[in-house]
Amino acid sequence: MSTETLCGEEYLRMLKNGASQLNSNRKIVNDLNVFPVPDGDTGDNMYMTIRSGCDAVSSKDIASIENVASAASKGMLLGARGNSGVILSRFFAGVAKGLSGVETARLEDWCRAMESGVAEAYASVVVPVEGTILTVVRESVAKANSVSVEGFDGWFEAFRKELSASLNRTPELLDVLRNAGVVDSGGAGFAYIAEGMEAALSGKAVDDSDGVSLQDSQKLDLSAFTEDSILEFGYCTEFLLRLQSSKVSLDSFDESVIKEYLEKAGGSLVFFREGSIIKVHIHTRTPGDILNACQQWGEYLTIKIENMTLQHHGDRMEKVVSGPRKQVAVVTVVSGEGLSALFKDMGADLVIEGGQTMNPSSEDFIRAFDKVNSALVYVLPNNSNIIMAAQQAASLYGKSEVCVLPTRTIGAGYAVLGSVDFHSSSKADVEREVEDISGQVVTGMISTAVRDTAEVKEGEYIGFSSSDILCSSSDRSCVLVKMCEALEAGKYDVMLVIKGKNAPRKEAEDVVKELQDKYVRSEIVLVDGGQPVYDYIIVLE
């Protein structure tokens, strides 16, 4: 029997099933990387984005599809990671707009909401590129909305068929996909979500127990906090508190009394109320005191407490910046202890640990903005796949003016930090300087090929800059030397060689000596960055 209407509970089940289907296939989506290096994370980013949306829906929301769509949209906006995650979050934000005022959706309501989702997704990208997730979603929605179908089951069947066809056409629209022999990864991720949503209509639950665990790459290093350690960062404490009618008057209770208490009890506070549920994220040295105090108002639905010294993303949860409000602060994103220390020494007020394969979410940026406590916050993302999440966070943040400076590489971020006077220059001058500097600095990277292509063999080291593979070899040092030759390193005054965590120190010192003998007029500096994925990063300026 065809499904004629959708209620809130059914829509939530569809979203959860879509997330599970994507989770089961995240590695497939991650591997659809146009570059044959281990930095594909589209599947992870999209899964964490939609999962954040599902987790944001409370039991009270399922009374209407409008409420479920709205709550899920807000969760996705905060949890969005990477360009694909941001576009996905904006699509579902558009869907939520289209379902505004709808308690139970009919097919015409759904079709209107899907069109709204497409419009919102396109509006999120300054220069939309066809052959990406945008094309796949637009063509599939247009096709499903144009054909005569019976109920939601018929619509999803038409939608899924066009998704597959549109996805297979993406290499025809983008040379980079055709040359790599892959389809668009964002479009593939969306197709898996749609598969799961369609399956939910017929009552088929997706089992994602065989999916790649997010914890696989985020295992705790228990040695980071030993018997002799001193608690420096405190505990990341998160909970859902259900207000109890036996303890407060639900109709008249002012939750600001809880917020005021928490503001004094810890830092990096994220606090909001939805109905009778209070959601809290806070950093504190005494989580037990907070849990005991908040129990006077309600009872806990969920609790999570983590020692921040052990957390995978380290400096994402660093100590809160205290003291009077600053006028200007700089937030930047890098991966690796050495790089983090370098960027702090150069003037960054806060470093979010992240980069390729571990893109920070919009919520991570919002927490960082809170921590620096500044009237004006400049953001250096240093990765093209992080810029949209930073911009989305800036648009959601209302406590400060946030200016995202579109640095696309570690080299650009390094050069900008070393040259720009953020405190004395006007915002317009800073933006102009960043644009000029970013256009002059050159960044090259070395990583390992994870599959064969026409240019390289699996297991070889690859030297590349931007989207250009410059050289490859089984000898990592040889690749570094060849890459410098290809980038005409002798034309530059300074060469920064940033060693990754997988490159031996002795090897780095030997190859830097070889480069010094080769480029006698250049100043060559070796830094132990400790970054994953890239064995070496070179910055030429």
Residue hits (segment 226-241; open to solvent by 10 Å² or more (accessible area, probe 1.4 Å), part of a loop (DSSP other than H, G, I, E, B) and touching a Ser or Thr at 6+ places or on another chain (Cβ under 8 Å)) are S229, L231, E232, F233
Taking segment 427-470 and keeping residues farther than 21 Å from G529 by Cβ, open to solvent by less than 50 Å² (accessible area, probe 1.4 Å) and not aliphatic (A, V, I, L, M) leaves T453, G459, E460
Exactly one of L88, L99, L77 is at negative phi, in contact with a strand residue (DSSP E or B) (Cβ under 7 Å, 6 or more places away or on another chain) and not polar (S, T, N, Q), and that residue is L99
Residue hits (segment 421-442; outside any helix (DSSP H, G or I) and touching a residue at least 40 places away in the same chain (Cβ under 8 Å)) are F422, H423, V441, V442
So, first residue assigned to a strand (DSSP E or B) in segment 252-268, second residue of a type in the set (A, V, I, L, M), Cβ within less than 6 Å, six or more apart or across chains; the pairs are G267/V320; S268/V320
Per the filter on segment 105-128, residues under 19 Å from the mean Cα position of the chain (by Cα) and within 18 Å of E157 (Cα to Cα) are none
Exactly one of A142, A191 is open to solvent by less than 30 Å² (accessible area, probe 1.4 Å) and not basic (K, R), and that one is A191
Considering residues that are over 19 Å from N83 (Cβ atoms) and outside any helix (DSSP H, G or I), the number found within segment 142-185 is 5
Filtering segment 65-101 down to residues that are open to solvent by 10 Å² or more (accessible area, probe 1.4 Å), farther than 23 Å from N385 by Cβ and not in a helix (DSSP H, G or I) yields S100, G101
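Okay, residues lined up against (1) closer than 20 Å to A119 by Cα; (2) within 23 Å of the chain's Cα centre (by Cα); (3) modelled with pLDDT under 95; (4) of a type in the set (D, E, K, R):
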{"site": "S20", "(1), (2), (3), (4)": "no, yes, yes, no"}
{"site": "N25", "(1), (2), (3), (4)": "no, yes, yes, no"}
{"site": "D31", "(1), (2), (3), (4)": "no, yes, yes, yes"}
{"site": "D39", "(1), (2), (3), (4)": "no, yes, yes, yes"}
{"site": "D61", "(1), (2), (3), (4)": "no, no, yes, yes"}
{"site": "S84", "(1), (2), (3), (4)": "yes, yes, yes, no"}
{"site": "F91", "(1), (2), (3), (4)": "yes, yes, no, no"}
Residue in segment 359-376 that is under 16 Å from V420 (Cα atoms) and more than 18 Å from the chain's Cα centre (by Cα) present: yes
Within segment 112-141, the count of residues that are assigned to a helix (DSSP H, G or I), closer than 27 Å to N168 by Cβ and without any contact (Cβ under 8 Å) to a residue 24 or more places away in the chain comes to 3
Residues of segment 471-505 being crowded, with 22+ Cβ neighbours inside 10 Å and touching a Pro at 6+ places or on another chain (Cβ under 9 Å), in sequence order, are G500
(1) modelled with pLDDT of 95 or more; (2) in a helix (DSSP H, G or I); (3) charged (D, E, K, R); (4) open to solvent by 20 Å² or more (accessible area, probe 1.4 Å) all hold for D109 apart from (4)
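For (1) out of contact with any Phe, Trp or Tyr (no Cβ under 9 Å at 6 or more places or on another chain); (2) among the acidic types (D, E), each residue gets a yes or a no:
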residue	(1), (2)
T226	yes, no
I230	yes, no
Y235	yes, no
E238	yes, yes
S245	yes, no
L250	yes, no
D254	yes, yes
K259	no, no
K279	no, no
Quick count over segment 268-292, residues being open to solvent by 20 Å² or more (accessible area, probe 1.4 Å) and more than 29 Å from the chain's Cα centre (by Cα), is 6
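The values are calculated or read from the model by the stated rules, or taken from the named source; none is laboratory data. What you see is a predicted model; the values in this text were computed from it and never measured. Note: ideal-geometry Cβ built from the backbone for every residue, glycine included; neighbour counts use all protein chains shown. Please note that ligands, DNA and RNA were not included when accessible areas were found on the heavy atoms of the full protein model with its side chains. Shrake-Rupley method; radii C 1.70, N 1.55, O 1.52, S 1.80 Å.
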